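I have a structure I would like to understand better, so I am pasting it below and will then ask my questions one at a time.
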Amino acid sequence: AALALLAVLAAVPAAADLFSPNRPLRTIRTRWFDITFPEDIRAPAERLAVFADDAYREVAAFLGTEPRLRFPVVLTPDTDSPNGYYTVWPRRRIVLFAAPTDPNDELGYQAEDLRALFRHELAHAVSLTIRPAFWDLAAAVFGEAAGISYYTTPASLAEGVSIAAEGRSGRGRAADPRTADELARDAREGRFKSFWEAAGAWDRYPY
């Protein structure tokens, strides 16, 4: 227990690195989210707050479940490119990097970049918290890091689910013409990635 506590405390400063030093932060609470952001990006934070709860209901329905957990969301502009992630360290949270989208990058083929990015990371958060009651209890007692599905879900499944969720509007990375070109090339060559290649399985030490 002492070692676990030390690990959590050591991870707290890493979370602080999401923002430039001495930046005042604000929080908007919705039904299911606590959205934390610096004042200079209040406009996208307020836009996110408008559709966040509806997105949760839509993603949960897509995954055959219902909204049941509150999620902290960190929105930060202190980055060069748009991206995000879901993590359970030191606690569960969704992090979104609010930067302009480059039309040529993999997020360029989106109807609305902030909405698509949020739906993608939210799908990670929802899908990785669908688990048997025993592991729900373990997560409630010991923290979300005790939830087994965070460690046992192959990357191909976790990313595939999230890319499918982000593209429910008909756009997104799964509908990107470049993706179709890549699949067409694989078809011409007669070789698709194996499950383990798609999952990014480690095949040599240390990775």
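Just for the stretch 140-175: of the residues that are crowded, with 18+ Cβ neighbours inside 10 Å and touching a residue at least 60 places away in the same chain (Cβ under 8 Å), which one is farthest from residue 114 (Cα to Cα)?
Checked the stretch 140-175; the qualifying residue farthest from residue 114 (Cα to Cα) is 150.
Got a number for residues in the stretch 113-167 being modelled with pLDDT of 90 or more and of a type in the set (S, T, N, Q)?
Number of matching residues: 2.
Please list, ordered by residue number, the strands (runs of 3 or more DSSP E) wholly in the stretch 1-111 having 3 or more residues that are at pLDDT below 95 and not aliphatic (A, V, I, L, M).
In the stretch 1-111, the matching strands (runs of 3 or more DSSP E) lie at 83-87.
Another question about this same structure. Out of all the residues in the stretch 179-198, which are open to solvent by 80 Å² or more (accessible area, probe 1.4 Å) and either without any contact (Cβ under 8 Å) to a residue 24 or more places away in the chain or at positive phi (or both)?
Once the filter is applied, which keeps residues that are open to solvent by 80 Å² or more (accessible area, probe 1.4 Å) and either without any contact (Cβ under 8 Å) to a residue 24 or more places away in the chain or at positive phi (or both), the stretch 179-198 yields 181, 182, 183, 185, 188, 189, 191, 192, 193, 196, 197.
Are any residues in the stretch 45-76 touching a strand residue (DSSP E or B) at 6+ places or on another chain (Cβ under 7 Å) and crowded, with 16+ Cβ neighbours inside 10 Å, and if so, which ones?
The answer is 45, 48, 49, 52, 71, 73, 74, 75, 76.
Continuing with the same structure: Please indicate, with yes or no, whether at least one residue in the stretch 168-188 is part of a loop (DSSP other than H, G, I, E, B) and at pLDDT 80 or above.
For the stretch 168-188, residues part of a loop (DSSP other than H, G, I, E, B) and at pLDDT 80 or above: absent.
The values are calculated or read from the model by the stated rules, or taken from the named source; none is laboratory data. None of the values given here were measured: they were computed from a predicted structure. FYI the Cβ positions are ideal-geometry reconstructions off the backbone, even for glycines, and counts take in every protein chain you see. Side chains included, ligands, DNA and RNA excluded: accessible areas come from the protein's heavy atoms. Shrake-Rupley method; radii C 1.70, N 1.55, O 1.52, S 1.80 Å.
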